[in-house]
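The values are calculated or read from the model by the stated rules, or taken from the named source; none is laboratory data. Treat the numbers as computed from the prediction; the structure is a model and nothing was measured. As a convention, Cβ positions derive from the backbone with ideal geometry for all residues, glycine included, and neighbour counts pool all protein chains shown.
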Amino acid sequence: MVDCGAHSSKTIHGEDMRTKFLSDVGVLVRDKCGVDWETWRATLEEMKMHLINELAPNWDIDKSNPNLMKCIDNIFKSRFQEWEFDNQRVSELHREPEPPAKE
């Protein structure tokens with residue numbers, strides 16, 4: 001992603017790529033993560049690598065770069081938290097109201 005500080009076609013293209021990457025990660029999280037998973041941190045490393053490998057056909061990911069891998073892990077964590085919050089909201093909206101307590 002290129003950011004030269006000025007508004008140029010490279011910056012816009014970079015933002016489009018960033019948005020596409022975030023979207024791709026979000027789709028993987030929604031499709032592959034289990035609702036019983038408590039946190040992203042508790043997710044097995046094998047599953048995290050499996051998800052990253054699913055991105056590989058569309059993205060050039062240098063898995064030997066620890067900074068890049070940490071950044072990707074943070075993106076997955078963020079998208080996981082958003083997904084988890086969305087699931088909680090949907091669950092609350094569909095919850096039956098409790099009857100008033102009898103005195």
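Here SER91 fulfils each of the conditions (1) farther than 25 Å from LYS20 by Cα; (2) of a type in the set (Gly, Ala, Ser); (3) surrounded by fewer than 10 Cβ atoms within 10 Å (Cβ to Cβ) apart from (3). Picking from residues in region 1-25 that are surrounded by 15 or more Cβ atoms within 10 Å (Cβ to Cβ) and modelled with pLDDT under 90, the one that is farthest from the chain's Cα centre (by Cα) is THR11.
Here is a check on your reading of the model: is ARG79 at pLDDT 90 or above, surrounded by 13 or more Cβ atoms within 10 Å (Cβ to Cβ) and of a type in the set (D, E, K, R)? It is true that ARG79 is at pLDDT 90 or above, surrounded by 13 or more Cβ atoms within 10 Å (Cβ to Cβ) and of a type in the set (D, E, K, R).
If you filter region 26-48 down to residues that are surrounded by 14 or more Cβ atoms within 10 Å (Cβ to Cβ) and within 21 Å of LYS70 (Cβ to Cβ), you find that the one that is modelled with the lowest pLDDT is TRP37.
Restricting to region 38-48, and then to whatever is in a helix (DSSP H, G or I) and closer than 23 Å to PHE85 by Cβ, can you tell me which residue is farthest from the chain's Cα centre (by Cα)?
Quick first cut of region 38-48, residues in a helix (DSSP H, G or I) only: 45-48.
From the residues that got through so far, the ones that are closer than 23 Å to PHE85 by Cβ too are 47-48.
On the way: MET47: 14, LYS48: 11 Å.
Checking each candidate, the answer is MET47.
Note on region 49-103: residues that are within 17 Å of the chain's Cα centre (by Cα) and assigned to a helix (DSSP H, G or I) total 28.
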